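No lab work stands behind these numbers, since they all come straight from the coordinates. Just so we're clear, the structure is a prediction, and the values are computed from it rather than from any experiment. Please note: Cβ atoms are built from the backbone with ideal geometry, for glycine as well, and neighbour counts cover all protein chains shown.
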Amino acid sequence: MRRDPSEHEERRAGHVPDLQTPKRIMIADDNPDTLSFMRVALERAGYEVQTAPEGAQALAMLAKRRADLLITDVFMPGQDGIETLRDCRIRFPQTRIIVMSAGGGSGRKLDYLPAAALIGADATLRMPINVDQLLDAVREVLEL
């Protein structure tokens with residue numbers, strides 16, 4: 001059996017190629033800055049990432065290509081995160097879910113994260129978060 005010479009070079013350099021398929025993550029959020037921040041952080045950590053600006057589009061994309069994890073904001077136009085959580089649990093029960101929220105806009109101080117946990121979120125995140133908090137939550141949920 002012949003080995004790929006690049007594999008030998010990587011082993012000699014101390015790097016062993018990861019033969020495991022990267023985990024797929026879908027992010028639903030209407031804030032382009034949040035989507036960009038999360039996409040970059042997760043891709044740099046080795047995850048395959050898709051994004052959608054609202055829940056219905058995220059679920060349509062999941063129907064075409066399943067993901068291991070859905071991260072959804074609560075407050076979005078169109079289908080919000082609570083509806084997305086509920087529909088994802090019904091349609092894709094094997095998909096892990098993290099629900100995140102900064103508490104709503106326009107001066108609202110609504111906290112839907114406890115409700116999201118009761119409905120079936122595997123974890124919740126209160127925004128804003130940093131890269132370490134995001135990666136810790138993702139790793140923890142994917143290990144469940």
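By the Kirkwood approach, averaging reciprocal distances over each pair of separate Cα atoms, segment 21-142 gets a hydrodynamic radius of 14.0 Å. Local charge for Ala60 was computed over the other residues whose Cβ lies under 13 Å away, with Lys and Arg +1 and Asp and Glu -1, and equals +2.
What FRET efficiency do you get for Ala102 and Glu140 if R0 is 30 Å and r is their Cβ-Cβ distance, rounded to the nearest 0.05?
The pair Ala102/Glu140 has a calculated efficiency of 0.90.
Simple spin-label estimate for Gln94 and Met127 gives 3.0 nm between the two label positions (7 Å along the Cα-to-Cβ direction from each Cα).
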